[in-house]
1. Restricting to the stretch 77-95, give me the number of residues that are more than 23 Å from residue 50 (Cα to Cα) and surrounded by 12 or more Cβ atoms within 10 Å (Cβ to Cβ).
2. So which of 59, 37 ends up being assigned to a helix (DSSP H, G or I), at pLDDT 95 or above and not charged (D, E, K, R)?
3. Report yes if some residue within the stretch 72-79 is more than 22 Å from residue 27 (Cα to Cα) and charged (D, E, K, R); otherwise report no.
4. Would you pick out the residues in the stretch 1-27 that are aliphatic (A, V, I, L, M) and free of Cβ contacts under 8 Å to residues at least 24 places away in the same chain?
5. Does the stretch 115-138 hold any residues that are buried (at least 19 other Cβ atoms within 10 Å of the Cβ) and either part of a loop (DSSP other than H, G, I, E, B) or at pLDDT below 90 (or both), and which are they?
6. Within the stretch 87-114, track down each residue that is part of a loop (DSSP other than H, G, I, E, B), free of Cβ contacts under 8 Å to residues at least 24 places away in the same chain and not hydroxyl-bearing (Ser, Thr, Tyr).
7. Among 70, 98, which is the only one that is surrounded by fewer than 14 Cβ atoms within 10 Å (Cβ to Cβ) and among the hydrophobic types (A, V, I, L, M, F, W, C)?
8. Just give me the residues in the stretch 10-22 being out of contact with any His (no Cβ under 9 Å at 6 or more places or on another chain) and either of a type in the set (Val, Ile, Thr) or part of a loop (DSSP other than H, G, I, E, B) (or both), in sequence order.
Amino acid sequence: MMRIAVVCLGNICRSPMAEVVLRDRLEASGRTDVEVSSAGTGDWHVGEPMDRRAAATLSRHGYDPSGHRAQQYDATADYDLVLAMDASNLADLGGPSARVRLFRDFDPVGPGDVPDPYFGGDDGFDEVLAIVERVADALQELPAVEAS
């Protein structure tokens, strides 16, 4: 079983959106060999549900965000691949390595940060969802999701 963690700052917007979508895509493709979770580098939202705007965006597009509760990233956990949503999150995780990468390293449009929609309007959540769906499709289509 491969274990993937998607990590952002507070685990209430970007990373839980990515977790929900990636899990959905993997299940739809029959991939039962990958476990996906999400976490934040900070602890201030631990135990809280997903941001209401992130949840609403997912719901509008047919995803179920209801099970999410924010958690803080545990560096001692045994993840095969850790995907940071932006360069700041990547730095908080100790920088890039064979198993720690930027989420958009797998984006067919190109690498970069997944923008943080928290302080913006609803359109920012739509932009994040578009990025997340594109990357999730690319990840689930790989013959094997690999950490290297």
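1. First pass over the stretch 77-95, keeping only residues more than 23 Å from residue 50 (Cα to Cα): 78, 80, 91, 94-95.
Among the residues that remain, those that are also surrounded by 12 or more Cβ atoms within 10 Å (Cβ to Cβ) are: 80, 91.
So the count comes out to 2.
2. On the way: 37 fails: assigned to a helix (DSSP H, G or I).
Going through 59, 37 in turn, the sole match is 59.
3. Among the residues of the stretch 72-79, at least one is more than 22 Å from residue 27 (Cα to Cα) and charged (D, E, K, R), which makes the answer yes.
4. Within the stretch 1-27, the first condition is being aliphatic (A, V, I, L, M), and the residues that meet it are 1-2, 4-7, 9, 12, 17-18, 20-22, 26.
Within the stretch 1-27, no residue meets the criteria.
5. Hit for the stretch 115-138 is 117, nothing else.
6. Going through the stretch 87-114, the residues part of a loop (DSSP other than H, G, I, E, B) turn out to be 93-99, 107-114.
Of the ones still in play, those that are also free of Cβ contacts under 8 Å to residues at least 24 places away in the same chain are 94-97, 110-112.
Within the stretch 87-114, 94, 95, 96, 110, 111, 112 qualify.
7. Unique residue meeting the criteria: 98.
8. If the condition is that a residue be out of contact with any His (no Cβ under 9 Å at 6 or more places or on another chain) and either of a type in the set (Val, Ile, Thr) or part of a loop (DSSP other than H, G, I, E, B) (or both), then 13 is the only one that fits.
The values are calculated or read from the model by the stated rules, or taken from the named source; none is laboratory data. Remember, it's a predicted structure, so these values are computed and weren't measured experimentally. Don't worry about glycine lacking a Cβ; one is built from the backbone with ideal geometry, like all the others, and counts go over all protein chains shown.
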